[in-house]
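Asker: Below you will find the structure I want to go over with you.
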Amino acid sequence: MNKLIAGQLVLAFLLSNTLMRGIELGGLAFQFSTEPGVYLTPYRLSERPPNGLEEFDSFYLERLPGEEQEIVVNRRGDVPIGGAIHTKRGDYKFKSAKLIKGKRCYERLMFTTTKANGISYRFDGRYLENADEVNGQYITLRGTLIKFKGGRRVASGKLGLYQWVKL
């Protein structure tokens, strides 16, 4: 059996046995995990960006510097994180960001970016308990992205995002 067919069989097995728990073609998507590390991945749109946000491409979440061994959780159970938004005009590093713990697990993501050329972004989203399939991708996070220019709100829109992990 060649490696391509073997790989396809393994992927088919994983998808058939774990799709309802959040695995999607091209990456892993764990909803409502108690482990904050599973959320630290790139996120991409499954649909066209909303009007006014056409330059938005994706964002990624990562550990804060110095947390290579262990992720620090604050007293409320929230996890401060790092990351950045990728746009067609450049990247915007996070100024502040956190995974917010709900009753059971991490249920929300909030971040604001630094300013570049007077532009910054803010996002407030919720992780979905059950992924929504849109355009062949499994949406695990829905939220609102707001774009600011010179401190004034110039655009906002609802986003459906999927986690992207290269296998």
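Asker: Which one is surrounded by the most Cβ atoms within 10 Å (Cβ to Cβ), of the residues in segment 35-61 that are more than 16 Å from the chain's Cα centre (by Cα) and touching a residue at least 40 places away in the same chain (Cβ under 8 Å)?
Answerer: Result: 53.
Asker: Here is a list of conditions, (1) out of contact with any His (no Cβ under 9 Å at 6 or more places or on another chain); (2) modelled with pLDDT of 85 or more, and residue 22 meets all of them except one; can you say which number that is?
Answerer: If we test residue 22 against (1) out of contact with any His (no Cβ under 9 Å at 6 or more places or on another chain); (2) modelled with pLDDT of 85 or more, just (2) comes out false.
Asker: Within segment 93-103, how many residues turn out to be of a type outside the set (Gly, Ala, Ser) and under 15 Å from the mean Cα position of the chain (by Cα)?
Answerer: Filtering segment 93-103 down to residues of a type outside the set (Gly, Ala, Ser) leaves 93-95, 98-101, 103.
Next, from what is left, pick out any that are under 15 Å from the mean Cα position of the chain (by Cα): 93-94, 98-100.
Counting residues in segment 93-103 that are of a type outside the set (Gly, Ala, Ser) and under 15 Å from the mean Cα position of the chain (by Cα) gives 5.
Asker: Looking at 99, 141, 64, which one is hydrophobic (A, V, I, L, M, F, W, C), surrounded by 13 or more Cβ atoms within 10 Å (Cβ to Cβ) and in contact with an Asp or Glu (Cβ under 8 Å, 6 or more places away or on another chain)? Give the derivation first.
Answerer: Working: 141 fails: in contact with an Asp or Glu (Cβ under 8 Å, 6 or more places away or on another chain); 64 fails: in contact with an Asp or Glu (Cβ under 8 Å, 6 or more places away or on another chain).
Matching residue, one of 99, 141, 64: 99.
Asker: Ok, one more. Counting just the residues of segment 62-77 that are of a type outside the set (A, V, I, L, M, F, W, C) and within 17 Å of the chain's Cα centre (by Cα), which one comes out nearest to residue 142 (Cα to Cα)?
Answerer: To start, the set of residues in segment 62-77 that are of a type outside the set (A, V, I, L, M, F, W, C) comprises 62-63, 65-70, 74-77.
Those still in the list that are within 17 Å of the chain's Cα centre (by Cα) too: 62-63.
Numbers: 62: 19, 63: 21 Å.
Selected residue: 62.
Asker: Follow-up question, since we're still on this one. Among what's in segment 104-129 and is over 15 Å from the mean Cα position of the chain (by Cα) and modelled with pLDDT under 90, pick the residue that is farthest from residue 45 (Cα to Cα).
Answerer: Taking segment 104-129 first, the residues over 15 Å from the mean Cα position of the chain (by Cα) are 104-105, 114-120.
Filter once more, keeping what is modelled with pLDDT under 90: 104-105.
Numbers: 104: 26, 105: 24 Å.
Across segment 104-129, the extreme among qualifying residues is 104.
Asker: Residues that are free of Cβ contacts under 8 Å to residues at least 40 places away in the same chain and farther than 26 Å from residue 65 by Cα: find the strands (runs of 3 or more DSSP E) completely inside segment 88-167 holding 2 or more of those.
Answerer: Values: elements: 90-101, 106-113, 119-134, 137-149, 152-163.
Result: 119-134, 137-149, 152-163.
The values are calculated or read from the model by the stated rules, or taken from the named source; none is laboratory data. Since the model is a prediction, treat every value here as computed from it, not as a measurement. Ideal geometry is used to build each Cβ from the backbone, glycine not excepted, and the neighbour counts take in all protein chains shown.
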